[in-house]
Amino acid sequence: MKLFRDPAALRHWQRQEGGSLAFVPTMGNLHEGHLSLVRLARSRADRVLASIYVNPLQFGPEEDFARYPRTPAEDLLKLRESGCHAVFLPEDAVMYQGDRADRCTILPPPGLAGGLCGAFRPGHFSGVCTVVLKLLHMATPDLLVLGEKDYQQYRILERMARDLDLPVHVLAGPTRREADGLALSSRNGLLPPELRPMAPLLAAQLRELATLPEGGEAREAASLGMQNLQDAGFKMDYLELCDSDSLAPLARIQPGARWLAAGRLGGVRLIDNMVVA
Ligand code: AMP
C-alpha cells in the first residue's frame, strides 16, 4: 500500500498507473463502516485510494475538532488489510494556505444544504464541499465512494459533482451498525460509558418511524419521536421526514422517503437516517 503526504506525488502515481480509481475520503479513526466502503470501492474499480484528514474547515468554533479521535497508525493497518492500494494523509499546511477568512470556498446549494445538519452547523457543508473538491482535484478518481450514514453529505456531494461537471461518479454504501443498531461512527468512542446503552435508541426510533403506514402525518410522528429521544437523554437538533433525493421536508409518510435525525448524547453529536420501506 502506497502512502502519500504530498499531492504532487499522489498525482504522479495516479498518472503512472492505468485503470480506474475509486476514492474513499475519511477523517480517520477507521471502523467497519469505512472499511466496508473500501471493499465496495475495490469491487467497482481497479485501484482504491483512501484519504485520512480531519478537515478543520468543516468544524464550527464550538465543535469537537480538537478532541476528534486521531489514530493514523491503526488506520493504516486496517486499510492495508482491507486491500486499499494507496492512502493520502496530508498535513494542514498542504491542504490550506493563507488566511482562513480570505480563502476561496465552495457554496453548497441552499435547498440541499440549508436544512437538517446545515441548519445546526453553519458552514459545515461548505467546509465538506471545499475539502472534497480539493481532494478530487488532487486524486482525479473515476469513482467517489461515500456512506449513506452521512446522507445529507452524500446528496450534497453528488449534486456538487453534477452541478460543477466533475468527471467523477458518486456512489454510496449502506450504513454499518453495531449489533445493537447504533450506526458506527468515530464519535461513538467519545460517548460517556454510562450513556452508551442509550445510544441505539436513535436508530430504534428511526426504525419504528420507518415502519409507520403510508399517508400518516409526518410532523406529528416526528414530534412524538423527538419527545421519546429527549426523554431518554438526547438533546435533539432535528428529526424529520424528507424526500430522499431533494431532502425537501415531507408532510405525509410515503415509501422511499427518509427519516433523518441528529442529536447530542452526553455532548457527543450522533446522526442517523432510515428509509421508509
Ligand atoms: P468520516 O470519517 O466520518 O468523515 O466518514 C468517511 C466516510 O465514511 C463518509 O462517506 C461516511 O459517510 C462513511 N461512513 C461513516 N460511518 C459509516 C457507517 N457506519 N457505515 C457506512 N459508512 C460510514
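Numerical summary
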item	result
First in the range 23-35 and open to solvent by less than 20 Å² (accessible area, probe 1.4 Å), second anywhere and acidic (Asp, Glu) and more than 7 Å from the ligand (Cβ to nearest atom), Cβ under 6 Å, 6 or more apart	Gly28/Asp75; Leu30/Asp75
Leu195 open to solvent by 20 Å² or more (accessible area, probe 1.4 Å) and among the hydrophobic types (A, V, I, L, M, F, W, C)	yes
From the options Leu144, Leu135, residue that is part of a helix (DSSP H, G or I), within 13 Å of the ligand (Cβ to nearest atom) and buried (at least 20 other Cβ atoms within 10 Å of the Cβ)	Leu135
Counted residues, the range 253-277 - those being within 26 Å of Pro197 (Cβ to Cβ) and of a type in the set (Gly, Ala, Ser)	5
Residue in the range 37-57 that is nearest to the ligand (Cβ to nearest atom), counting only those that are open to solvent by 20 Å² or more (accessible area, probe 1.4 Å) and not hydrophobic (A, V, I, L, M, F, W, C)	Arg39
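Every residue, every condition in (1) in contact with a Leu (Cβ under 8 Å, 6 or more places away or on another chain); (2) buried (at least 19 other Cβ atoms within 10 Å of the Cβ); (3) not aliphatic (A, V, I, L, M), yes or no:
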| residue | (1), (2), (3) |
| --- | --- |
| Ala210 | no, no, no |
| Gly215 | no, no, yes |
| Gly225 | yes, yes, yes |
| Phe234 | yes, yes, yes |
| Leu241 | yes, yes, no |
| Pro249 | yes, no, yes |
| Leu260 | yes, yes, no |
| Leu265 | yes, yes, no |
| Ala277 | no, no, no |
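The values are calculated or read from the model by the stated rules, or taken from the named source; none is laboratory data. All values reported here derive from a predicted model rather than from experimental measurement. Cβ sites come from the backbone with ideal geometry, for glycine too, and all protein chains shown count toward neighbours. With ligands, DNA and RNA removed, areas are computed over all heavy atoms of the protein, side chains included. Shrake-Rupley method; radii C 1.70, N 1.55, O 1.52, S 1.80 Å.
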